[in-house]
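Okay, structure first, notes after.
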């Protein structure tokens, strides 16, 4: 089951503020260094993709025009998302 997250970001011009929707289909798996009976395996990175993007100023509009991101912007935003993942929501705080 995929999860969606919303992040504020800045385009490559360093002025245009946008909001992106990131869909995470897998959080990956940690590395296993092996043992006497198992050779181990490297860590698997999270599988995520940017589904949608729009201007931050249009965030409250249901019909906000969508924008296309360059490949460099996609990579930068996804790298930042993977380096700073969202905090897990463990339910209500009492």
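Could you check segment 65-88 and list, in sequence order, the residues that are in a loop (DSSP other than H, G, I, E, B) and surrounded by 10 or more Cβ atoms within 10 Å (Cβ to Cβ)?
Going through segment 65-88, the residues in a loop (DSSP other than H, G, I, E, B) turn out to be 65, 67-70, 84-88.
Selection gives 67, 69, 70, 85, 86.
For segment 28-42, indicate whether the set of residues that are closer than 19 Å to residue 4 by Cα and touching a residue at least 24 places away in the same chain (Cβ under 8 Å) is non-empty.
Looking for residues that are closer than 19 Å to residue 4 by Cα and touching a residue at least 24 places away in the same chain (Cβ under 8 Å), one finds none in segment 28-42, hence no.
Residues in segment 11-26 that are without any contact (Cβ under 8 Å) to a residue 40 or more places away in the chain and in a loop (DSSP other than H, G, I, E, B): how many? Break it down stepwise before answering.
Going residue by residue through segment 11-26, those that are without any contact (Cβ under 8 Å) to a residue 40 or more places away in the chain are 13-16, 21, 23-26.
With in a loop (DSSP other than H, G, I, E, B) added as a condition, the list becomes 13-16.
Total satisfying the criteria: 4.
Please tell me if residue 8 is modelled with pLDDT of 80 or more and outside any strand (DSSP E or B). Spell out the reasoning first.
Working: modelled with pLDDT of 80 or more: yes; outside any strand (DSSP E or B): no.
No: the conditions fail for residue 8.
Looking at this structure, is residue 62 in a helix (DSSP H, G or I) and either free of Cβ contacts under 8 Å to residues at least 24 places away in the same chain or surrounded by 11 or more Cβ atoms within 10 Å (Cβ to Cβ) (or both)?
On the way: in a helix (DSSP H, G or I): no; either free of Cβ contacts under 8 Å to residues at least 24 places away in the same chain or surrounded by 11 or more Cβ atoms within 10 Å (Cβ to Cβ) (or both): yes.
The answer is no for residue 62.
Out of 34, 91, 40, which single residue is surrounded by fewer than 10 Cβ atoms within 10 Å (Cβ to Cβ), on the phi > 0 side of the Ramachandran plot, out of contact with any strand residue (DSSP E or B) (no Cβ under 6 Å at 6 or more places or on another chain) and modelled with pLDDT under 90? Break it down stepwise before answering.
On the way: 34 fails: surrounded by fewer than 10 Cβ atoms within 10 Å (Cβ to Cβ); 40 fails: out of contact with any strand residue (DSSP E or B) (no Cβ under 6 Å at 6 or more places or on another chain).
Of the residues listed, the single one that is surrounded by fewer than 10 Cβ atoms within 10 Å (Cβ to Cβ), on the phi > 0 side of the Ramachandran plot, out of contact with any strand residue (DSSP E or B) (no Cβ under 6 Å at 6 or more places or on another chain) and modelled with pLDDT under 90 is 91.
The values are calculated or read from the model by the stated rules, or taken from the named source; none is laboratory data. Everything quoted here is computed from the prediction, not taken from an experiment. Neighbour counts are summed over all protein chains in view; Cβ atoms, including those assigned to glycine, are modelled from backbone coordinates with ideal geometry.
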